[in-house]
Amino acid sequence: MSKNNIAQQYNSMVASIEDAKIYDGRGEYNLYECNKCNNYKVTLYKDKGVTPFIMRCKCGGDMMHTKSSKQAPPSYVKVYNWVRPNLEQTMSSPVFATDYYSIFCK
């Protein structure tokens, strides 16, 4: 897929995401727990459409979403913010350079 095609599809996706009938995790704190080591991450979403289903833990296990809450966690808990990469970041990433649209936008 050419860079122009990726840019067109990225711009189209971003333009339509607010009206898309998909989960909107903005304003919710989400807990992800590892199925192997019980490590956890708390996340918050800045942009609609960036909610991961599963994340890889540093131990090699899978971190799955287990809870959501509008209430902020205690101040000692690190909160990771999810944001959508801009077009330049998307184009410079080796993962996205292969074929961003066919991997992530179906």
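Side notes on the structure shown:
- Evaluation of Lys3 against (1) open to solvent by 60 Å² or more (accessible area, probe 1.4 Å); (2) without any contact (Cβ under 8 Å) to a residue 40 or more places away in the chain (one fails), failing number: (2)
- Among the residues of region 8-19, those identified as loosely packed, with under 15 Cβ neighbours inside 10 Å and farther than 18 Å from Trp82 by Cα are Gln8, Asn11, Ser12, Ala15, Ser16, Asp19.
- Any hit, region 29-47, residues being under 20 Å from Glu88 (Cα atoms) and of a type outside the set (Ser, Thr, Tyr): yes
- Looking only at residues in region 27-79 that are of a type in the set (Val, Ile, Thr) and open to solvent by less than 60 Å² (accessible area, probe 1.4 Å), the one that is nearest to Ala15 (Cα to Cα) is Val50.
- Pairs, first closer than 25 Å to Tyr76 by Cβ in region 36-62, second open to solvent by less than 30 Å² (accessible area, probe 1.4 Å) and part of a loop (DSSP other than H, G, I, E, B), C-beta under 7 Å, six or more apart: Lys36/Cys57; Lys36/Gly61; Cys37/Cys57; Cys37/Gly61; Asn39/Cys57; Val42/Val77; Tyr45/Gly25; Thr51/Gly25
The values are calculated or read from the model by the stated rules, or taken from the named source; none is laboratory data. All values derive from a computational prediction rather than experimental measurement. Here the Cβ is made from the backbone with ideal geometry for all residues, glycine too, and neighbour counts use every protein chain on show. The area values use the complete protein model at the heavy-atom level, side chains included, leaving out ligands, DNA and RNA. Shrake-Rupley method; radii C 1.70, N 1.55, O 1.52, S 1.80 Å.
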